[in-house]
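> Attaching a single structure in structure tokens format; questions to follow.
The values are calculated or read from the model by the stated rules, or taken from the named source; none is laboratory data. None of these values were measured; they are calculated from a predicted model. Here Cβ is always computed from backbone atoms with ideal geometry, including for glycine, and neighbour counts include all displayed protein chains. The protein model used for the area step is the full one, side chains on, heavy atoms only, and it has no ligands, DNA or RNA in it. Shrake-Rupley method; radii C 1.70, N 1.55, O 1.52, S 1.80 Å.
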Amino acid sequence: MSVPDELRYTPEHEWVAISGVTASVGITDYAQRALGDVVYVSAPAVGARVAAGEPCGEVESTKSVSDLYSPVDGEVTEVNPEIEDDPGLVNSDPYGAGWLFKVQLDDTGAEPPPGLLSPAEYTVLTKDGA
Amino acid sequence: MHEQLGASLTDFAGWLMPLRYGSETAEHNAVRTAAGIFDLSHMGELAVTGPAAPAALDYALTGAPSALQPGRARYTMICTPDGGVLDDLIVYRLGAAEYLIVANAANTAAVAEALTERAAGRDAMVRDRTDGYALIAVQGPRAAAILAPLASAELDGLKYYASYPALLAGRQVLLARTGYTGEDGFEIFAAPGDAAELWTAISDAGVGHGLLPAGLAARDTLRLEAGMPLYGNELSRDVSPFDAGLGRVVRFDKPDDFVGRAALAVRATAAPQRRLVGLVGESRRVPRHGYDVLWNGTKCGTVTSGAPSPTLGAPIAMAYVRPDAAEAATDMAVDVRGRAEPARLVELPFYRRA
């Protein structure tokens, strides 16, 4: 299972990449494996307000549906246009082509935003079977 | 073995079973277009033997196992005295006085108990042989071509819902042409000690045929597309075979009494309380087990099973709905977590092999 060093994570299995004022969000390799084949993603709309730790969409797989949580506070600026037609990108490339949405951060002062897990912390979480 | 293949395992009725090996959609499609190999060793096997075994089973089950030819098999049910479904079963007649009954894993103990009780006082013996059998299924249009080089007998002679003892890859098995996928296929009952080597031999024979190991996730979407009920979803003690549209398994033409006969006769002719229907979702959000079915905005039923269908490319579901709604409506909706998603009422099954 892959947990890239340059990312931060949520206990709900999202990853976030922060670059300046923009955060890119997706679900982790662990999450996509646990879900199985993703068939549909409902991401928040462009312009929507999202809040850290709050549900903002859903990820539907063959066997189940899970809430998608925003890792950060801000406004959605972009949604991955490829996911609509090819939700399997979430399985095949969860940290790359399978990204879900981008957020313009409200607070660019705190680096990194509070409440996120380091790769080491996230690895521990997944080993505990969370 | 399964972990070596990268399987995700899941606890199912106390058995640690492979949920999927890779992509469950790829496994599903392999069964539809080539073949898949499944470990079904969790299924319960009950042996019913003795001179009175045919009569005991005619009394215990809704079908007429006494009328089965040795070597043939039948889908049947065991009902409670009030006509509820205790389990759905495959009954294989192995000989004049020998039957093998395959039950759902979670129900095996209850079925064994009911059979024992119903056979009491007759010259018949019921034994739970679940630990004595491994069960491997090979399902799909290429299944026969994959198994033919391994089998001691001609597979062409093995009809649908028939079985015979055979050597497969040099091991003694009961080879049956049955399945739960809507495709041609085989179920192989083997000694547990032979299972790993059989699995390997079949997998090797499947190279070049597109055979994939397939897990419970694919098995569920395959049976759902084929409109086959799953105990605990479409079937339970609270529904009769007639509710599920499977009244044909109840053989009122049997001469003697059987458990549930009187209650089933009433339920066969009474106005039905619900009907099992198929729904095809028109959005991408999937109706799931337990969701409300809506007709003109009000609840008219409940989803029993739902999944994204790889073959149809749309969400599909089975649901129990009020008979008047099933008669009148073609367009319904399913309350998918607070939002009404449109769904079209269709005849079951969703998929029938060409």
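> How much length is gained on full extension from B:ALA120 to B:HIS289, taking 0.36 nm per residue of separation minus their Cα-Cα distance?
57.0 nm
> What does the structure give for B:216-223 when I average, per residue, the other chain Cβ atoms found within 10 Å of the residue Cβ?
2
> Continuing with this model, one more query. Give me the three principal axis extents of region B:44-131 from the C-alpha atoms, as integers in angstrom, largest value leading.
28, 26, 21
> Next question, about the same structure. Determine the sum of side-chain charges near B:GLU183: Lys and Arg each +1, Asp and Glu each -1, restricted to other residues whose C-beta is under 9 angstrom from that of B:GLU183.
+1
> Moving on. Across the protein assembly as shown, how many lysine pairs, 8 or more apart or on two chains, come within less than 30 Å at their alpha-carbon atoms?
5
> May I ask you to list the residues of region B:314-330 whose amide nitrogen lies under 13 Å from a point 7 Å from Cα along the Cα→beta-carbon direction of B:GLU282?
B:330
> Cα convex hull of chain B: how many Å³ per residue?
133
> Write down the radius of gyration of region B:272-346 and its Dmax, each obtained from C-alpha positions, in Å.
Rg then Dmax for region B:272-346, in Å: 10.8, 32.
> Next up: Please give the FRET efficiency for A:THR77 paired with B:GLU98, using the beta carbon to beta carbon distance and R0 = 51 Å, rounded to the nearest 0.05.
0.15
> What does the net charge come to around B:PRO342 if you take all other residues with beta carbon closer than 9 Å to its beta carbon, with K and R at +1 and D and E at -1?
Counting the neighbours of B:PRO342, the net charge comes to -2.
> Would you tell me the mean number of C-beta atoms belonging to other protein chains that fall within 10 Å of each C-beta in A:58-70, as a whole number?
4
> With a length cut of 15 Å (Cα positions projected on each helix's long axis) and a Kyte-Doolittle mean of at least -0.5, go through chain B and give me the DSSP H helices that pass.
B:108-119, B:195-206
> At 1.4 Å probe size, with the rest of the protein present, what percent of the exposed accessible area of chain A is carbon and sulfur atoms?
C and S fraction of accessible area: 48 percent.
> In addition: Which whole number in µm²/s is D for the protein assembly as shown by Stokes-Einstein, with the Kirkwood Rh taken over Cα pairs at 25 °C and 0.890 mPa s?
The diffusion coefficient I find is 100 µm²/s.
> In square angstrom, what is the accessible area per residue of chain A with a 1.4 angstrom probe?
That works out to 45 Å² for each residue.
> Under the classification rounded if a/c is under 1.5, otherwise prolate if a/b is larger than b/c and oblate if not, where does chain A fall, given a ≥ b ≥ c as square roots of the Cα gyration tensor eigenvalues?
Since a/c reaches 1.5 but b/c is at least a/b, the shape of chain A is classed as oblate.
> Right, next: Could you let me know the centre-to-centre spacing of region B:1-64 and region A:48-127, using Cα atoms, in angstrom?
37
> Also: Compute the distance in nm between two label points, each set 7 Å from the Cα along the Cα-to-Cβ direction, one at B:VAL266 and one at A:ALA34.
Label at B:VAL266, label at A:ALA34, 4.8 nm between them.
> All other residues with a Cβ under 10 Å from the Cβ of A:ALA17 taken together, and with Lys, Arg as +1 and Asp, Glu as -1, what is their net charge?
Neighbourhood net charge equals +1.
> Please report the buried accessible area for the interface of A with B, total over both chains, probe 1.4 Å, in Å² to the nearest 100.
Using a 1.4 Å probe on protein heavy atoms, the buried area is about 1300 Å².
> With runs of 4+ DSSP H residues as the only contributors, calculate the mean residue ellipticity of the protein assembly as shown at 222 nm using -39,500 (n - 2.57) per run, divided by the residue total and rounded to the nearest 500.
My calculation for the protein assembly as shown gives -5500 deg cm²/dmol from helical runs alone.
> When only alpha-carbon atoms are used, what values of Rg and Dmax, in angstrom, describe region B:213-351?
15.9, 52
> Based only on Cα atoms, what mean projected area does the convex hull of region B:114-231 have, in nm²?
So the mean shadow area of the Cα hull is 8.9 nm².
> Place a point 7 Å from Cα of A:ALA51 in the direction of its Cβ. Which residues in region A:72-98 have their backbone N less than 16 Å from it?
A:72-76
> For region B:1-34, list whatever residues lose no less than 10 Å² of accessible surface once every protein chain is in place, relative to that chain by itself, with the probe at 1.4 Å.
Buried on complex formation: B:LEU19, B:ARG20, B:SER23, B:GLU24, B:THR25.
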